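Colleague: Provided herewith is a single structure, encoded as structure tokens, for subsequent inquiry.
The values are calculated or read from the model by the stated rules, or taken from the named source; none is laboratory data. Because the structure is a prediction, the values reported are computed rather than measured. For neighbour counting, all protein chains shown are included, and Cβ atoms are generated from backbone atoms with ideal geometry for every residue, glycine included. For the accessible areas, the whole protein counts, side chains as well, though only heavy atoms, and no ligand, DNA or RNA atoms are used. Shrake-Rupley method; radii C 1.70, N 1.55, O 1.52, S 1.80 Å.
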2 protein chains.
Amino acid sequence: MPRVRISDVAAAAGVSTSTVSLVMNDRDARIPPETQARVRAAADEMGYTPNSVARGLRTQTTRTIGLVSDTIATTPYAGRMLAGAQDVAREHGHLVILVDTGADADVEREAIRALADHQVDALVYACMWHQVVSAPDHLPARTVFLDCRPVDAGHPAVVPDDRAGGATAVRELVAAGHRRIAFVDVDEAPAPIASGLRFEGYLEVLREAGIAPDPALHVRGAVSAAGGRSATDLLLDLPDDRRPTALFCFNDRMAAGAYVAARHRGLDIPRDLSIVGFDDQQLVAAELDPPLTTVALPHYEMGRWATEVALGVRTPDDPGAVRLMECPIIRRDSVGPPPATGGDPSRRRT
Amino acid sequence: MPRVRISDVAAAAGVSTSTVSLVMNDRDARIPPETQARVRAAADEMGYTPNSVARGLRTQTTRTIGLVSDTIATTPYAGRMLAGAQDVAREHGHLVILVDTGADADVEREAIRALADHQVDALVYACMWHQVVSAPDHLPARTVFLDCRPVDAGHPAVVPDDRAGGATAVRELVAAGHRRIAFVDVDEAPAPIASGLRFEGYLEVLREAGIAPDPALHVRGAVSAAGGRSATDLLLDLPDDRRPTALFCFNDRMAAGAYVAARHRGLDIPRDLSIVGFDDQQLVAAELDPPLTTVALPHYEMGRWATEVALGVRTPDDPGAVRLMECPIIRRDSVGPPPATGGDPSRRRT
DNA sequence: TGAGTTTGCTAAAACGATTGAGCGACAGTG
DNA sequence: CACTGTCGCTCAATCGTTTTAGCAAACTCA
């Protein structure tokens, strides 16, 4: 069965297509209720909804937004950004056209072009993780950067507040009574922005608490469980009086490695060692034993924010500035008070 | 700067819009090379690309496909289906409009409507995991089901071959020499389709190998590490001569729980116990220690297949039948030969 | 030379909505 | 009664393409 057009409805209701359009869009109050009712009845009856393509051509607005990302879709990591974007789009009657460029510049250029050709009303340019990008050319006017910031401003951007997140993590540890707190960092080059920022937060809280930072407590490893494990081994090899009682890990996967390292020495978490991670990756943080206390990346909220400003339903408090989104702490069971004695902890598990 | 239209190019090249269109679409061989070159030069110069909305209206084809899913985007699980769909779409010059319904029937209905209004050329209806769904009404003609099968046929569908996948997993264990192989199943009600199918594969291979199935070796637990752990505990509590030497776990998360249970008894994997999982969830399978041998769900391939048939660039070998996609085994380090003796394995770790 | 064919292009009609201008009927007013 | 306003609707243009039909000139051939 072919689609029903506005002219079909018009014929059925005995009016012109103009009238149908006017009624369907509530655009002319002068049309008497009876006629409105008649039109609406006909439309419902026939299951009419306007063809978006035709409408788009006429109104120059398609009720779609483009979402281009480097690898958001193919990776488990940041799906909730997409969910946030999606939800906002739906709330405002928009559809989202997603294109995952696989971080290929040619694909990206082509995608942006294609989205422009499709007349998306807005574009959100998303990255997998917090980074600085050189904004591609020919971006639509309404473009918002998500989880990345363009080198040259000009478009709104939202990223996680990694510094504050780092501070939150460390503050949790300090509040539990720890004073020897290590930062299990990544050793990638160039260092991810998040790394430096979280470290800043770490130092800030140490300063707040009057704890002198010990360079030996800042270790690095690959971004993986294995990397976290070997970095943690370095820490646990320190002499008793310098060994940390708590770890702030760059992310949950590295924290998982820290668990392994601790377990291999018979250390109990959190009795002998407290750990806080970052990212709140369900599959790892919640499944660890004990479940990991961690700082969540506000992916969903960032996705919402970006889409709201792209759609123009929200204006940045401080246009021009990069919006920092708060990273909340998720308390689970990997943080406790430091062990009473500095002595060698039991090698037996309870 | 406003978009450049075909009429701008026509003016610049000193021809009519018809000619420009004809040239751009290679539709009339009678236009002499010089004119073609002139038109193309003008178009390139001005950066002209046709407005997809206008073209869509005229040609009744938008070069977009709709992808509606229950929760594919918001969950780490099946992102690669999306990637497969995306890649195929791009290869054929299409864009994908994604809508995640959150498994809400109203949202779904509305989304399908909206996609139809936008005149998507095809629709793929994706599910998070292999299930039977009652196909919603008013689906576009070119609809394909992905990772689910409609109760009433009528549209092509593709799902993983869970039975064969189960067989593959168990065959791996049999090949390593195991004879007492347990199936750590899920205990959800109703049981997921995959559960029954994988169990069938399990039984099939046992039969092949002349091994009598032992009902005590079929245990169940919640779909989580905790569930896997407690189910495994049941198994490890069995008397020595009935205790399994190998586990086939319903999925990787449960396998992770099995690791925990094994470790708590001082069992080494794979020396004392071999384990194979299912799903190949990177974050868990690859990060376990030792890395988990598992059977992969062919999400990417299914996404590709579904999109190819939706786009009409591939026709199902057997239209009407549900396409079963092979689940390949990913060999890592959690499978080894059974322990030489049936005696009590060491409680010390190496 | 004239008829037919080919060449090189264009006019104009779609596609299906939205929307500003406007028209006829009627009511109200002076 | 003439004039103005309002009401209830419609006309027709428009958005930017694609595509069919076809025109005029050049060419071919008998």
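Colleague: Regarding region A:14-27, can at least one residue be identified that is surrounded by fewer than 17 Cβ atoms within 10 Å (Cβ to Cβ), of a type in the set (Lys, Arg) and in contact with a helix residue (DSSP H, G or I) (Cβ under 8 Å, 6 or more places away or on another chain)?
Modeller: For region A:14-27, residues surrounded by fewer than 17 Cβ atoms within 10 Å (Cβ to Cβ), of a type in the set (Lys, Arg) and in contact with a helix residue (DSSP H, G or I) (Cβ under 8 Å, 6 or more places away or on another chain): present.
Colleague: Between a first residue in region A:1-19 that is away from every other protein chain (no Cβ under 14 Å) and a second residue that is assigned to a loop (DSSP other than H, G, I, E, B) and open to solvent by 50 Å² or more (accessible area, probe 1.4 Å), which pairs have beta carbons less than 8 Å apart while being 6 or more apart in sequence or on different chains?
Modeller: A:Ala10/A:Ser16
Colleague: Which residue pairs have Cβ atoms closer than 8 Å, lie 6 or more positions apart in sequence or on different chains, and pair a first residue in region B:34-56 that is within 13 Å of chain A (Cβ to nearest Cβ) with a second residue that is surrounded by fewer than 16 Cβ atoms within 10 Å (Cβ to Cβ)?
Modeller: Between residues of region B:34-56 that are within 13 Å of chain A (Cβ to nearest Cβ) and residues that are surrounded by fewer than 16 Cβ atoms within 10 Å (Cβ to Cβ), the close pairs are B:Thr49/A:Arg113; B:Asn51/B:Arg3.
Colleague: Every residue in region B:4-21 that is within 6 Å of DNA strand D (Cβ to nearest atom) and under 14 Å from B:Arg55 (Cβ atoms), please.
Modeller: B:Arg5, B:Ile6, B:Thr17, B:Ser21
Colleague: Could you tell me whether region A:88-104 includes any residue that is at pLDDT 95 or above, outside the structural domain of A:Ala141 (by TED's automatic domain parsing) and among the β-branched types (Val, Ile, Thr)?
Modeller: no
Colleague: So which residues in region B:91-106 are more than 7 Å from chain A (Cβ to nearest Cβ) and closer than 20 Å to A:Ile65 by Cβ?
Modeller: B:His94, B:Thr101, B:Gly102
Colleague: Related question: In region B:120-135, how many are within 17 Å of B:Met81 (Cα to Cα), open to solvent by 10 Å² or more (accessible area, probe 1.4 Å) and within 13 Å of chain A (Cβ to nearest Cβ)?
Modeller: Residues that pass the stated criteria total 1.
Colleague: If you don't mind, there's one more thing I want to ask. When you go through A:Val68, A:Val39 one by one, which is the residue that is touching a Ser or Thr at 6+ places or on another chain (Cβ under 7 Å), of a type outside the set (S, T, N, Q) and within 16 Å of DNA strand C (Cβ to nearest atom)?
Modeller: So the residue among A:Val68, A:Val39 that is touching a Ser or Thr at 6+ places or on another chain (Cβ under 7 Å), of a type outside the set (S, T, N, Q) and within 16 Å of DNA strand C (Cβ to nearest atom) is A:Val39.
Colleague: Could you check region A:323-350 and list, in sequence order, the residues that are aliphatic (A, V, I, L, M) and at pLDDT 95 or above?
Modeller: Result: A:Leu324, A:Met325, A:Ile329, A:Ile330, A:Val335.
Colleague: Can you find a residue that is surrounded by fewer than 24 Cβ atoms within 10 Å (Cβ to Cβ) and assigned to a loop (DSSP other than H, G, I, E, B) anywhere in region A:157-164?
Modeller: Yes, because at least one residue in region A:157-164 is surrounded by fewer than 24 Cβ atoms within 10 Å (Cβ to Cβ) and assigned to a loop (DSSP other than H, G, I, E, B).
Colleague: Would you mind stating whether A:Ile275 is open to solvent by 10 Å² or more (accessible area, probe 1.4 Å) and either part of a loop (DSSP other than H, G, I, E, B) or of a type in the set (A, V, I, L, M, F, W, C) (or both)?
Modeller: no
Colleague: Hey, can you tell me all the residues within region B:198-209 that are under 21 Å from the mean Cα position of the chain (by Cα) and buried (at least 22 other Cβ atoms within 10 Å of the Cβ)?
Modeller: Across region B:198-209, the qualifying residues are B:Arg198, B:Gly201.
Colleague: Still on this structure, I have one more. All but one of (1) farther than 23 Å from A:Asp161 by Cβ; (2) part of a helix (DSSP H, G or I); (3) open to solvent by 30 Å² or more (accessible area, probe 1.4 Å) hold for A:Tyr259, so report the exception by its number.
Modeller: In the conditions (1) farther than 23 Å from A:Asp161 by Cβ; (2) part of a helix (DSSP H, G or I); (3) open to solvent by 30 Å² or more (accessible area, probe 1.4 Å), A:Tyr259 misses (3) alone.
Colleague: Does B:Asp117 meet the test of being within 13 Å of chain A (Cβ to nearest Cβ), touching a residue at least 60 places away in the same chain (Cβ under 8 Å) and open to solvent by 10 Å² or more (accessible area, probe 1.4 Å)?
Modeller: No.
Colleague: Looking for whichever is at positive phi and outside any loop (DSSP other than H, G, I, E, B) here; the options are B:Asp233, B:Asp147, B:Asp185. Which one fits?
Modeller: It is B:Asp147.
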